[in-house]
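To start, the structure under review is shown below, and the notes come after it.
The values are calculated or read from the model by the stated rules, or taken from the named source; none is laboratory data. Predicted, not measured: the structure shown is a model, and the values here were computed from it. Glycine gets a Cβ as well: all are built from the backbone with ideal geometry, and neighbour counts include every protein chain shown. Heads up: the accessible areas ignore ligands, DNA and RNA and are worked out on the full protein's heavy atoms, side chains in. Shrake-Rupley method; radii C 1.70, N 1.55, O 1.52, S 1.80 Å.
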Amino acid sequence: MPLELGPARLGSVIRANVALTAAAGGFTVLTSLTVARLQWLTLAGVAVVLTAVPQWLALRRLHRGDTTQALLIYSIASWAIALLSSFIVTFQWPIQVAVAFLPTVLAATFLPERPITGYVAASAGVAFGVALLGVSQDVTGLSDEIPGWLKNAVQALVFPAFFALVVFAVVQHHRRVSDVLAVQRVAQELAEQRATELASSRRRLVDATDRARRQIERDLHDGAQAHLVGIDLQLTKATSLTDLDATRQAIRDAQRELHRAHGELRELAHGLFPPVLTQHGLVPAIEDAVDRISTRVRLDIARIGRPAPDIEAAAYFCVLEALQNAMKHSGCEAVTITIRRDGDPDRLRLVVADDGRGAPSPLPAGHGIDNMRDRLGAVGGSVTVEPGDQGGTLVDASIPWRDPPR
């Protein structure tokens, strides 16, 4: 349960106390006017009823979100009731001792982030004062003037009601603590889940780095390195030739091989990190990538400026991965790429939608999807992959925006 239930539960305790206060005060006044006809008893009932006013003000404070002030007003009213009742109706002092400690129970329940030493000291002081008034004086003389049967009737009615109020406050305390523990358990589970996901992400990144390194080694060995070996052989051969035309032809062949090696190295470097991304930014890099594929792509890109380099790189490779997945697996004819900052200027929104077969549900795990999640997660972003409303697959990514360092 959410912690927001705390104020509502405090409100239920205060409302119960207001009802009990009004009922007890009204009963006292009615009894005094109809049965006992004692002035002090009438005064006590009226005073008890009037203490419902500050409790109502406490409810108003609580509705405004000020739990601390609401509890303080309620506590002062409760302590005033305990002292006033013990002064006028002396024989009720044992009940009022319990009432004196009720604010401490509520403070421990609804103000866990604040020290409750003041509430404990005040409750103890009021309880001591109540006991002192109850055993050492009887200014009003009500204990002697009230008939025994009426005194017993008052005790029989008031004691269970106040006891029920204390039990109700304790139950609310238990529920409140249960709420806090439940929230803590959920937070702990989320933290453990996040830690597990982070560990899995790190393992996948390490594996991806190893695969990429091996792929680069193969590309260099099978491509540029092979061309360089050929160039070396051709130049060695050219140094042994005596015919000028043959030597020139050997050099031209070596030049062609050199151009091929240069082209392969450039393509390899472009695949690792395109220079256009570093030099010109996200939008030109995506436009350049789109120009080199055969699938029809519609670009819906707003003017977004340039974010921090890691944000820019994560966005670029996420779009590139989504585009490659669409071409490889969806059988699509067209892809739409949308890039925006509108709606939330502090986040970059990337949407890649195709008109292919659509993503299966549930979505299977795979290197492409994991790569997007890992890369975006490293910069605080997230991505969802799901079937589009009009068919096809929808890749929706969101990344926190950070400006580049100055």
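Just for the stretch 104-129: of the residues that are under 22 Å from VAL53 (Cβ atoms) and modelled with pLDDT under 85, which one is surrounded by the most Cβ atoms within 10 Å (Cβ to Cβ)?
In this case the residue turns out to be LEU106.
Can you tell me which condition ASP346 does not meet? The list is (1) over 26 Å from ARG202 (Cα atoms); (2) surrounded by 13 or more Cβ atoms within 10 Å (Cβ to Cβ); (3) in contact with a Phe, Trp or Tyr (Cβ under 7 Å, 6 or more places away or on another chain), and all the others hold.
(2)
Which one is nearest to ARG375 (Cα to Cα), of the residues in the stretch 392-406 that are surrounded by 22 or more Cβ atoms within 10 Å (Cβ to Cβ) and not hydrophobic (A, V, I, L, M, F, W, C)?
Restricting attention to the stretch 392-406, the residues satisfying the condition of being surrounded by 22 or more Cβ atoms within 10 Å (Cβ to Cβ) are 392-393, 395, 397, 399.
After this cut, where a residue has to be not hydrophobic (A, V, I, L, M, F, W, C) as well, the list is 392-393.
Details: GLY392: 24, THR393: 20 Å.
Taking the candidates together, the pick is THR393.
Can you give me the number of residues within the stretch 53-80 that are open to solvent by less than 10 Å² (accessible area, probe 1.4 Å) and in contact (Cβ under 8 Å) with a residue 60 or more places away in the chain?
Final tally of qualifying residues: 4.
Among the residues of the stretch 361-406, write down those that are hydroxyl-bearing (Ser, Thr, Tyr) and at pLDDT 80 or above.
From the stretch 361-406, those hydroxyl-bearing (Ser, Thr, Tyr) are 361, 382, 384, 393, 398; that's our starting set.
Correct list: SER382, THR384, THR393, SER398.
Residues checked against (1) open to solvent by 90 Å² or more (accessible area, probe 1.4 Å); (2) closer than 26 Å to ALA315 by Cα; (3) modelled with pLDDT under 75; (4) assigned to a helix (DSSP H, G or I):
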position	(1), (2), (3), (4)
ARG185	yes, no, no, yes
ASP210	no, yes, yes, yes
GLU217	yes, no, yes, yes
LEU220	no, no, yes, yes
ALA224	no, no, yes, yes
LEU235	no, no, no, yes
GLU257	no, no, no, yes
GLY271	no, yes, yes, yes
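Return yes or no: is ALA16 within 30 Å of LEU181 (Cβ to Cβ), crowded, with 16+ Cβ neighbours inside 10 Å and at pLDDT below 80? Before you say what the answer is, go through the steps one by one.
Working: within 30 Å of LEU181 (Cβ to Cβ): yes; crowded, with 16+ Cβ neighbours inside 10 Å: yes; at pLDDT below 80: yes.
The answer is yes for ALA16.
Among the residues of the stretch 276-319, how many are within 18 Å of ILE399 (Cα to Cα), out of contact with any strand residue (DSSP E or B) (no Cβ under 6 Å at 6 or more places or on another chain) and open to solvent by 40 Å² or more (accessible area, probe 1.4 Å)?
Matching residues across the stretch 276-319 total 5.
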